[in-house]
Amino acid sequence: MIKPVYSVVVPAYNEEEVIRETYKRLTSVMVGMDEPYEIIFVNDGSRDKTAEIIAGFCESDPSVRLINFTRNFGHMPAITAGMDNVRGEAIFVIDADLQDPPELFPEMAAKWKEGYHVAYGKRIKRKGESWFKKITAKFFYRFIRRLTTVDLPADTGEFRLIDRRVCEAVSKLPEKHRYIRGLVSWVGFKQVAVEYVREERFAGETKYPLRKMVSFALDAITAFSYKPLKLATSLGFFLSLASFIYLLIVLYQRFFTSSAISGWASTMGVILFSQGILLMILGLMGEYIGRIYEEIKGRPTYIILEIVGQHEEDIRTTD
Ligand code: UDP
Ligand code: MG
């Protein structure tokens, strides 16, 4: 019975157009690395033929396993399920769409053999993505770095190698809203960057529409910082100070000058402005409270329908 040295975790949601190519490229890289390996595809409730195609790989290739979810749970839950089920000593995480090149695996593995526990891919360039995505991503990574005390590397997605011990430490963290790259940074260990150019999707469309991007960003921020909550305190101080000064001016005008205190428009302006700020802060608190509510319910991050694939004794070896 030979245990794999390497595990590859691949989340896939409606990726029928790319999945065959993904499997081909992953396999040729893994075979080239000359150690026992397994590829774990996590099918995140795809509505297309993704699951059937992967099940086909499982039939002919004992190093492939497929985890089927009961429905679409999301990118982070899919990676979590993969990480919870790996058997290898070093785990690669890679998207199914080939935007991140599997050909970088040997370089990451070399870092691992040097003694690093995490080798994360750092994007020095992004190709074929909209300017909107590029700008929001750039802003997001820098913004969240400023908000938190955890050292979250910028321009880094989930594409990386992690040592088994890191994987176990992250899997043990009980939180349900999982910003995985953040959790991997949070657990510490020895981490190193491997730079690369992010390619265009091989085929298909992004599975992250604006709505998912916003909720992803909010998850990340609320999971790693409560600085936004402190905003209320600072703004409150600022507004009280400003209104106190304003009141002094009004009193001065009333008693020492003859100019009339002008009215309605400015009053409405101030009221609307402060109401807006109040509502914004209430909403912000709601984001945190909503997440506390989600966590407290303790529902699992994902539910597995079935696992397709071979058992340990059948894992293909290269010797
Ligand atoms: N994905 C997933 N569940 C989802 C959305 C995406 O498993 O609900 C997978 C998707 O198949 C891909 C990876 O997560 O392998 C990243 O998604 P995508 O490439 O669409 O995101 P982008 O690169 O555009 O940010
Ligand atoms: Mg992608």
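The values are calculated or read from the model by the stated rules, or taken from the named source; none is laboratory data. Owing to the predicted nature of the structure, the values given are computational and were not obtained by experimental measurement. In this analysis, Cβ positions are derived from the backbone assuming ideal geometry, glycine residues included, and neighbour counts consider all displayed protein chains. In case anyone asks, the SASA skips ligands and DNA or RNA and just uses the protein heavy atoms, side chains included. Shrake-Rupley method; radii C 1.70, N 1.55, O 1.52, S 1.80 Å.
Of the heavy-atom accessible surface of the chain (probe 1.4 angstrom), what whole percent is carbon and sulfur? Show your work: numbers first, answer last.
Numbers: 10450 of 17070 Å².
That share works out to 61 percent.
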Neighbours of residue 281 by Cβ distance under 14 Å: Lys/Arg at +1, Asp/Glu at -1, summed charge +1
Quick one: which residues, 5 or more positions from residue 122 or on another chain, have an amide H under 5 Å from its amide H? H modelled 1.01 Å from N in the peptide plane, none for Pro or chain starts.
-> 194, 195, 196
Note down the magnitude of the dipole of the chain about its Cα centre, charges +1 on Lys and Arg C-beta and -1 on Asp and Glu C-beta and zero elsewhere, to the nearest 20 debye.
-> 1780
Solvent-accessible surface ranking, highest first, for 44, 151, 95 at 1.4 angstrom = 151, 95, 44
Any chance you could give the angle, 0 to 90 degrees and rounded to 10, that helix 264-297 forms with the longest Cα principal axis of the chain?
-> 30
Pick out, in residue order, every one of the GluC sites (Glu not before Pro) in region 196-279 that is DSSP loop and has at most 13 other C-beta atoms within 10 Å; say none if there are none.
-> 200, 205
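Compute the accessible area per residue over the chain, keeping the other protein chains in place, probe 1.4 Å, unit Å².
On a per-residue basis, the chain sits at 54 Å².
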Report the trypsin sites (Lys or Arg not before Pro) located in region 17-113 that are in a DSSP loop and have at most 13 other Cβ atoms inside 10 Å of their Cβ, or state none.
-> 47, 71
Determine the dipole magnitude for region 108-156: charges of +1 sit on the beta-carbon of Lys and Arg, -1 on that of Asp and Glu, nothing else is charged, the reference point is the Cα centre, and the result goes in debye to the nearest 20.
-> 280
Where the Cα atoms of region 53-199 are projected onto their three principal axes, how long is each span, largest first, in whole Å?
-> 46, 34, 32
Relative contact order, percent, of region 13-123 when contacts are C-alpha pairs under 8 Å separated by at least 6 residues?
-> 29
Within the chain, what's the longest run with no chymotrypsin sites (Phe, Trp or Tyr not before Pro) in a DSSP loop and at most 15 other beta-carbon atoms within 10 Å? Give the range, please.
-> 1-188
Given a cut-off of 21 Å, name the pairs among 133/207; 3/49; 133/230; 111/190 whose C-alpha atoms lie farther apart than that in the structure shown.
-> 3/49; 133/230
Which cross-chain or sequence-distant (5 or more) residues have an amide H under 5 Å from the amide H of residue 63, H modelled 1.01 Å from N in plane?
-> 316
Placing +1 on each Lys and Arg Cβ and -1 on each Asp and Glu Cβ in the chain, then taking the dipole about the Cα centre, the residue among 60, 174, 81 whose Cα reaches farthest towards the positive end is 174
Using only Cα atoms, tell me the angle between helix 105-114 and the longest principal axis of the chain; keep it within 0 to 90° and round to the nearest 10.
-> 90
At q = 0.08, 0.15, 0.16 Å⁻¹, what is the base-10 log of I(q)/I(0) for the chain according to the Debye formula with one equal point scatterer per Cα and no solvent? Please give it to two decimals.
-> -0.45, -1.24, -1.39
Expressed as a rounded percentage, what relative contact order does the chain have, with Cα pairs under 8 Å and six or more residues apart?
-> 27
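Express as a percent, rounded to the nearest 5, the fraction of DSSP beta bridges in the chain (both residues included) that run antiparallel.
The answer is about 35 percent antiparallel.
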Measure nothing fancy, just the Cα-based angle from helix 131-147's long axis to the longest principal axis of the chain, in degrees from 0 to 90, nearest 10.
-> 70
Please list the non-local residues whose amide H lies under 5 Å from the amide H of residue 177, H modeled 1.01 Å from N, same-chain partners needing a gap of 5 or more.
-> none
Tell me, what ³J(HN,Hα) does each residue in region 67-77 have, in order and in whole Hz, if you take phi through Karplus 6.51 cos²θ - 1.76 cosθ + 1.60 with θ = phi - 60° and put x for Gly and Pro?
-> 9, 9, 7, 6, 6, 6, 9, x, 4, 5, x
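For region 166-319, what does the relative contact order come out to in percent, with C-alpha contacts under 8 Å and a separation of six or more?
Contact order relative to length: 36 percent.
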